[in-house]
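Here is the structure we will look at.
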Amino acid sequence: MISAVIPFALALFGINLILNLYRLLKGPDITDRILALDTLNINAIAVIVLAGIQMDTTLIFEAALLIALMGFVGTVAMTKYLVRGDVIE
Amino acid sequence: MDIPLWLEALIAALLITGAVVATLGSLGLARMPDFYMRLHGPTKASTLGVGCTMLASLVYFSVSGEGISVQEILITVFLFATAPVSAHMMARAALHRRVPCSYRTRDLPWEEMDNPPPLRQSSSSSGASQR
């Protein structure tokens, strides 16, 4: 049952990635692009976890953890640059 | 490797729920007319969807593998802690840049930012700190 469900979930997350890429390319303002990048990170984590279930290994979950961490740091750095004009004051 | 049937059904239901909810969030990101409306989709729906997927993975690897797998709990806790913070900072950056909002929005926020309502307190210092 799980092996039948995982391609469906992977297809839905692929649609999500395409929608986020559309917003990243089109977005009228730069905050839209930051939001699209943040959502892209979150969906990439889900895709990595689904691939881990598919391949029956937990080895690639460190990559998901790294993507979560670096995505948060990148979002905070970009918004802080927009608000303050500087990242580290 | 012998997963009972009800656990398998639970994992499958969690996977489908997570994928559908995350798709709703990304659809909101792509289709909403305004940045402040667009912020609602991914920060709630995508987080819940990825949370459901993480829960399914946690149940799967805890049942089939050896012991409880800790990495999913770590990722979930980190994601749930950082998603509101990044959403708040993005909304603050958009307000700071005065990103235009939809014409149906009532009470534009920067009118209130430019002309703050007068304080109701007594006038201890008269006009020194006022613009």
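The values are calculated or read from the model by the stated rules, or taken from the named source; none is laboratory data. Everything quoted here is computed from the prediction, not taken from an experiment. Cβ sites come from the backbone with ideal geometry, for glycine too, and all protein chains shown count toward neighbours.
Things worth noting here:
- Any hit, region B:83-91, residues being more than 22 Å from residue A:55 (Cβ to Cβ), buried (at least 16 other Cβ atoms within 10 Å of the Cβ) and more than 8 Å from every other protein chain (Cβ to nearest Cβ): yes
- Those residues of region A:56-72 which are within 13 Å of residue B:61 (Cα to Cα) and at the interface with chain B (Cβ under 9 Å from one of its Cβ atoms), in sequence order: A:56, A:58, A:61
- Hits in region B:14-25 - residues which are over 12 Å from the mean Cα position of the chain (by Cα), facing chain A (nearest Cβ under 9 Å) and buried (at least 21 other Cβ atoms within 10 Å of the Cβ): B:15, B:18, B:19, B:23
- Among the criteria (1) assigned to a helix (DSSP H, G or I); (2) within 21 Å of residue A:66 (Cβ to Cβ), the one residue B:63 does not fulfil is (2).
- Answer from A:45, A:53, A:34 - the residue that is touching a residue at least 40 places away in the same chain (Cβ under 8 Å), within 7 Å of another protein chain (Cβ to nearest Cβ) and within 30 Å of residue B:66 (Cα to Cα): A:53
- Annotation note: Cβ proximity below 8 Å between a residue of region B:29-44 that is surrounded by fewer than 23 Cβ atoms within 10 Å (Cβ to Cβ) and a residue that is at pLDDT 90 or above and of a type in the set (Phe, Trp, Tyr) (sequence gap 6+ or interchain) occurs for B:30/A:22.
- For region B:48-72, a residue qualifies if it is buried (at least 22 other Cβ atoms within 10 Å of the Cβ) and polar (S, T, N, Q), and the qualifying residues are B:53, B:57.
- Which listed residue is within 8 Å of another protein chain (Cβ to nearest Cβ), at pLDDT below 90 and outside any loop (DSSP other than H, G, I, E, B), from B:8, B:72: B:72
- Among (1) at pLDDT below 90; (2) within 23 Å of residue B:32 (Cβ to Cβ), the one test that residue B:65 misses: (2)
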